[in-house]
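Each reported figure results from applying straightforward, stated rules to the coordinates on display, with no laboratory input. Because the structure is predicted, anything quoted here is derived from the model rather than measured. Reconstructed Cβ throughout: ideal geometry from the backbone, glycine too, with neighbour counts over all protein chains shown.
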Amino acid sequence: MERAPILAVLKEKAGRYVSGEELAKRAGVSRTAIWKQINNLRDAGYGIDASTKSGYRLVSVPDLLLPEELAWELGTKVIGSRILYYQSVGSTNEEAKRCAIDGAADGTVLIAERQEGGRGRLGRGWFSPPGGIWISLILRPAIQPADAPKVMMLASSAVCSTMRSLGLEASIKWPNDVMIGGKKIAGILTEMASEPGMVDHLVVGMGINANIEPDEFTPDLMSSASSMSIAKGAPVDRLSFTRALLRKIDRDYEELLAGRSEGIVGEWRQACGTIGQDIALSTPNGIVRGTAIDVDGNGCLVLRGPEGTDKYASGDVTVVKE
Ligand code: BTN
């Protein structure tokens, strides 16, 4: 993030000019390096006016999830300790797993403008065009592997509550889909590397359909998926959404690590629209019907069916309409 000091000074000036001399001094670089870095910022999409008399001023910030912008006064303790950015990548989860094996720190964030091979749950693909928020977190929580589902609950609950803070009526569909008006807006894919009794790392991938137009969805997704911009009727500010999301995850992660997961599970339950519904649950062993009566602290669905009550760790829910 070599260009960050220059950007910090330009931002502090809030659209006013700063002389090349002051910029060089405050950013701790030579006058010749300034020009190179200004061009570098322009290449990244920043609008910067240059005047021989007055110096430089920032006139616009690109609609991109650039690490400098995400990290700007983020104020988190762990999440975003390092931010890796990709214009295009196969899958942020795949990349995150490689980084985790190479020792990437707790809280590392990987974010892409688009994914060419986005991955979803149950071996499915994930449609990831520009305009969405495709993000993976590398977490190294000192928890038992059996408690890992709580991290998933934390993530879906954070996505849901950040959407609600924009006035969107989002809810969670078990196990981890975020829905608006019966359509899927976001999904979570968590992958774990563990040893007996100990989590080595978790990769929490979040796919958030932020600004995607109806005609961009592939025909097979049209009936089941939507985006925040469609629900809102206007584009959302992806940068401020992502920053708010990372802050919420950071607060909840601290709670979880302190052994206080009740609030996270409680918030998740409140946001869950599946509890209380009559559903058909598609499992690898077939379809089970019943009433979803609860989701336990490990994220398992408690289903009361004609044969009694059972718990399920995974599956696909369809609400049965009368
Ligand atoms: C689902 O099927 O509901 C989960 C979808 C998860 C998609 C996200 S996008 C960012 C991260 N990288 C991936 O390849 N997948 C996850």
Reach of LYS36 by Cα under 16 Å, taken over lysines that are not fewer than 8 positions away in the same chain: LYS25
Phi to ³J(HN,Hα) by Karplus 6.51 cos²θ - 1.76 cosθ + 1.60 over the stretch 57-68, Hz, x for Gly, Pro: 8, 8, 10, 7, 10, x, 7, 9, 8, 5, x, 4
Cα-centred dipole magnitude for the stretch 1-75, charges only on beta-carbon of K, R (+1) and D, E (-1), debye, nearest 20: 360
Extension gain from ARG82 to ARG114, taking 0.36 nm per residue of separation minus the Cα-Cα distance: 9.6 nm
About the Cα centre, charge dipole magnitude for the chain (Lys/Arg +1, Asp/Glu -1 at Cβ), debye: 920
The stretch 53-162, relative contact order in percent, only Cα pairs under 8 angstrom and at least six apart counted: 23
Cross-link partners of LYS173 among lysines (Cα-Cα below 24 Å; sequence separation of 8 or more within a chain): LYS150, LYS183, LYS184, LYS232, LYS248, LYS311, LYS321
Of PRO67, GLY273, TRP134, farthest towards positive along the dipole that unit charges on Lys, Arg, Asp, Glu beta carbons give the chain: PRO67
Cα centroid separation, the stretch 9-75 to the stretch 134-202 (Å): 36
Gain on full stretching of the segment that runs from ASP215 to LYS11 - 0.36 nm per residue minus C-alpha separation: 69.8 nm
Lys/Arg +1, Asp/Glu -1 at C-beta; the chain dipole; positive extreme among SER223, SER30, VAL319: SER30
Value of relative contact order over the chain, rounded to a whole percent, pairs C-alpha under 8 Å and six or more apart: 14
Kirkwood hydrodynamic radius over Cα pairs of the chain, then Stokes diffusion coefficient at 20 °C and 1.002 mPa s, in µm²/s: 101
Additional length obtainable on full extension of the chain from GLU22 to MET222, 0.36 nm per residue less Cα span: 66.7 nm
Dipole magnitude of the stretch 78-224 about its Cα centre (Cβ charges: Lys, Arg +1; Asp, Glu -1), debye to nearest 20: 260
For GLY45, net neighbour charge (Lys/Arg +1, Asp/Glu -1) across residues whose Cβ lies under 13 Å away: -3
Cβ-derived FRET efficiency at R0 56 Å, ASN298 paired with LYS36, nearest 0.05: 0.60
